[in-house]
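Here is the structure we will look at, set down as structure tokens.
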Amino acid sequence: MRSIILGVFLLAAAGLFAQDIPSVNVKSLSGEIVNTNTFANDGKPMIISLWATWCKPCVKELDAYNDYYADWVDETGVKVFAISTDDSRSSSRVAPYVNARGWEIPVYLDENSDFKRAMNVANVPHTFLLDGKGKVVWQHTSYVEGDEEELYEKLLELSK
Amino acid sequence: MKIISFIAVILCVPLMLSAQKDERPVGRLTGNFNLEAWYYFKDSVIGTEVPPEKTLMNSYANFRYDYGQFTAGIRYEGYLNTLQGFDRANDGAGIPYRYLNYKNDQVEFTVGNFYDQFGNGLILRAWEDKNIDYDNAFEGVQVKFNPANGVYLKGLYGKQRTYFELGEGIVRGIDGEINLNELFDTLSVSKSRIVLGGSFVSKFQKDENIQYNLPENVAAFAGRLSFQHGLFLLKGEYAHKINDPSADNNLIFKDGDALLVNASWSIGSFGGILGAKWVDNMSFRSDYRAVDKNLQINYLPSITQNHAYSLIAMYPYATQLTGEAGVQGELFYRLKRKTPLGGKYGTLISVGYSRINDIERKTEGLANDTLGYETDFLSVSDQLLYDDFNVKIERKFSRKFKAILMGQYLSYNKKYIEGKGGMVYAKAGVLDLSYKIKPRHTLKLEQQILVTEQDRGDWYSAMIEYTVSPHWFFSVMNQYNYGNSDKNMRVNYYTLSMGYNKSGNRIQLNFGKQREGVVCVGGVCRQVPSAYGAYLTLTSTF
């Protein structure tokens, strides 16, 4: 029995390919329901970062991305999707919080953590880098200062 | 074992199909693994005990398989035995969460376990957070239907999870949401956006109470509206629950009500929120006998701020399900960069205030009445439960140096909320400095102080953290309860930690004493119980 299960898992793992973004409904800051499988960037890389307003390292991470965002877009055409996991306790905080901080990255709400679960994320922050086909090529859990440099290197490798 | 073979077959079939036809979608298996294991030490001063097992462990792993429009998933959970601070009812191991799902552009079906939320959750929210030992997943069926652009309908039947069992009550619910701008083409480009929604939930539990004639079916309904114009947003939801005698309300037959209103707006670098909430007798569970976190059908979001610094979050507030009236406001303002006040990189200022009082209950002439009490809608009593005023300033001084300064004034009605002690009045402050020594090497010094005449008295906390991106972190933290009126209790709660990160994997080792509360170390925040020992955490996403 055990070997069958293992075999199945290995087979399935070998099939890892193509669109890695599951189909989950999140909300845009203007209230529209958006399916995450429509996240696309014309064949250019994408960054998906899960965060929350109450999470210090998450905010630091997105502050850092925002500082470099204009440069990254110029050099690699990347698009960042910041998915807030704030629940109905703090989700109405997200829009004014983001605007006051001057973030220019698109932000979505995942109020009941459906997208977080679908991406198998245990704790925020958790960041995924996807290639132009929507395949996850790199990921990172937690954030410390300087992590954006590793992400930038991976981004450059991808854009070569 | 039956479940595992079932899942294996489900995984096998599409794989075999995909092997035959190249145009079939390709299957994808993903998941995660999490483990936290403690080895305990005894500390008679702070009252930690070594369990007979010496070491305890909580773990879980998710496996998710996507194949075109199908998804299947399981979560294995093992509590061998349950960590201190989590409910021992978790003890054991098994697969309490498994589901099969089909989804296309119009419909979605889930059978097995699922989570869901109607509106803000006032009458229904199934969710999980392993860090706070919460999981009220449904087991049953769920259908979502999208008949027209902007129209979203969903319905469910299910029993709720309680540890490795299911509660005996059955929950039925429907929810509908209409986005007027998506539904009507003429409104699609309007700057004003309107979303309307409504939901109905009913629970059934057989009445086996000998003493009382309890209602077997209890209904609740809610309506909501969201209006947005540019960067201004106004959201409101009202919920009503029919008579629902339970352990929470001492078996009274009174109806319940809840109202939640939130407004937010942004103008330039200015942002603000205002919120108000009123709750009366709105605990709603699928078993009338359940207490604590168990078998809750709904979620009443707290409208107090969720603080990340441990001493600022020393006295956190949780919604009083039986009744409360609260308001909240928060302002964010960014002083522009390259201005005299804003400095070279800009400065952020946030000011927050929240206050919760009890509601006014009238019991005159109702001593033997099954309604228990009467209350006027939106009544507020003089009884203060919680208030929090705080100011936070964040400033980046150079590419290398950043600082956060925060101050808080707090009142916490410990007697009402925890059933012991009295009113606690505290002042707290934070100075959080971070300095980049060289590229990727950062040193952080976080100091906090909390001053109070009540409860456990004054605290001082310091943390030094050294991080080397992208892999390593090391930290030393100490929280000193220097102002405790009992000199023997002037304890140092120290923790040494180190961790290593690589791609989706993280390993962390810690040693020390933990005071209960929210702890953020090396980039991850979580809720922890008080304990003394050495522990290991592993997290992996694959």
Filtering the stretch B:326-363 for residues that are surrounded by fewer than 17 Cβ atoms within 10 Å (Cβ to Cβ) and of a type in the set (S, T, N, Q) leaves a count of 2
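Listed here are the residues, each with its yes/no results for (1) at pLDDT 95 or above; (2) of a type in the set (A, V, I, L, M, F, W, C); (3) within 25 Å of residue B:503 (Cα to Cα).
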| position | (1), (2), (3) |
| --- | --- |
| B:45 | no, yes, no |
| B:50 | no, yes, no |
| B:64 | yes, no, yes |
| B:68 | no, no, no |
| B:73 | yes, no, yes |
| B:80 | yes, yes, no |
| B:86 | no, yes, no |
| B:106 | no, no, no |
What residue, of B:281, B:262, B:294, is in contact (Cβ under 8 Å) with a residue 24 or more places away in the chain, polar (S, T, N, Q) and surrounded by fewer than 21 Cβ atoms within 10 Å (Cβ to Cβ)? B:294
All but one of (1) more than 10 Å from every other protein chain (Cβ to nearest Cβ); (2) in contact with a Phe, Trp or Tyr (Cβ under 9 Å, 6 or more places away or on another chain); (3) of a type outside the set (S, T, N, Q) hold for residue A:121; which doesn't? (1)
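Kindly indicate which of B:437, B:449, B:464, B:417 is more than 13 Å from chain A (Cβ to nearest Cβ), surrounded by fewer than 20 Cβ atoms within 10 Å (Cβ to Cβ), out of contact with any Asp or Glu (no Cβ under 6 Å at 6 or more places or on another chain) and within 30 Å of residue A:152 (Cα to Cα).
None of the others qualify; the one that does is B:464.
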Note: among B:482, B:435, B:466, B:460, just one is modelled with pLDDT of 95 or more, over 26 Å from the mean Cα position of the chain (by Cα) and assigned to a loop (DSSP other than H, G, I, E, B), namely B:482
Specify which of the listed residues (B:335, B:300, B:348) is closer than 30 Å to residue B:252 by Cβ, within 14 Å of chain A (Cβ to nearest Cβ) and in contact with a Leu (Cβ under 8 Å, 6 or more places away or on another chain). B:300
Just to be sure, is residue B:437 β-branched (Val, Ile, Thr) and over 30 Å from residue A:144 (Cα atoms)? no
Do we find a residue being at positive phi and either surrounded by fewer than 21 Cβ atoms within 10 Å (Cβ to Cβ) or of a type in the set (S, T, N, Q) (or both) anywhere in the stretch B:102-113? yes
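So which of B:385, B:366 ends up being without any contact (Cβ under 8 Å) to a residue 24 or more places away in the chain, surrounded by 15 or more Cβ atoms within 10 Å (Cβ to Cβ) and touching a Phe, Trp or Tyr at 6+ places or on another chain (Cβ under 7 Å)?
Checking each option against the conditions leaves just B:366.
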Any hit, the stretch B:223-241, residues being touching a helix residue (DSSP H, G or I) at 6+ places or on another chain (Cβ under 7 Å), at pLDDT 95 or above, within 14 Å of chain A (Cβ to nearest Cβ) and over 21 Å from residue B:178 (Cβ atoms): no
Determine, yes or no, whether residue B:99 is over 19 Å from residue B:35 (Cβ atoms) and crowded, with 19+ Cβ neighbours inside 10 Å. yes
Would you point out which residue out of B:407, B:483 is away from chain A (no Cβ under 14 Å), surrounded by fewer than 20 Cβ atoms within 10 Å (Cβ to Cβ) and under 22 Å from residue B:305 (Cα atoms)? B:407
If we keep just the residues of the stretch B:43-67 that are hydroxyl-bearing (Ser, Thr, Tyr) and without any contact (Cβ under 8 Å) to a residue 24 or more places away in the chain, which is surrounded by the fewest Cβ atoms within 10 Å (Cβ to Cβ)? B:44
Do we find that residue B:411 is part of a strand (DSSP E or B), more than 26 Å from the chain's Cα centre (by Cα) and at pLDDT 95 or above in this structure? no
Can you tell which of B:399, B:440 is over 20 Å from residue B:327 (Cα atoms) and in contact with a helix residue (DSSP H, G or I) (Cβ under 9 Å, 6 or more places away or on another chain)? B:440
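For the stretch B:200-217, does any single residue satisfy the condition of being in contact with a strand residue (DSSP E or B) (Cβ under 8 Å, 6 or more places away or on another chain), within 14 Å of another protein chain (Cβ to nearest Cβ), assigned to a loop (DSSP other than H, G, I, E, B) and touching a residue at least 24 places away in the same chain (Cβ under 8 Å)?
Scanning the stretch B:200-217, I find no residue that is in contact with a strand residue (DSSP E or B) (Cβ under 8 Å, 6 or more places away or on another chain), within 14 Å of another protein chain (Cβ to nearest Cβ), assigned to a loop (DSSP other than H, G, I, E, B) and touching a residue at least 24 places away in the same chain (Cβ under 8 Å), so the answer is no.
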Out of the residues in the stretch B:264-289 that are part of a strand (DSSP E or B) and more than 8 Å from chain A (Cβ to nearest Cβ), state the one that is modelled with the lowest pLDDT. B:267
Any idea how many residues of the stretch A:86-113 are more than 8 Å from every other protein chain (Cβ to nearest Cβ), assigned to a loop (DSSP other than H, G, I, E, B) and either in contact with a Ser or Thr (Cβ under 9 Å, 6 or more places away or on another chain) or closer than 22 Å to residue B:326 by Cβ (or both)? 4
Pair list, Cβ < 8 Å and 6+ apart or interchain, from the stretch B:312-329 residues that are among the acidic types (Asp, Glu) to residues that are assigned to a loop (DSSP other than H, G, I, E, B) and crowded, with 22+ Cβ neighbours inside 10 Å: B:324/B:359
Filtered residues of the stretch A:1-40 (kept if part of a loop (DSSP other than H, G, I, E, B), modelled with pLDDT of 90 or more and either surrounded by fewer than 17 Cβ atoms within 10 Å (Cβ to Cβ) or more than 9 Å from chain B (Cβ to nearest Cβ) (or both)): A:21, A:24, A:39, A:40
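The values are calculated or read from the model by the stated rules, or taken from the named source; none is laboratory data. Only a predicted model underlies this, so the values are computations on that prediction, with no experimental measurement involved. Methodologically, a virtual Cβ is constructed for each residue, glycine included, from the backbone with ideal geometry; neighbour enumeration extends over all protein chains shown.
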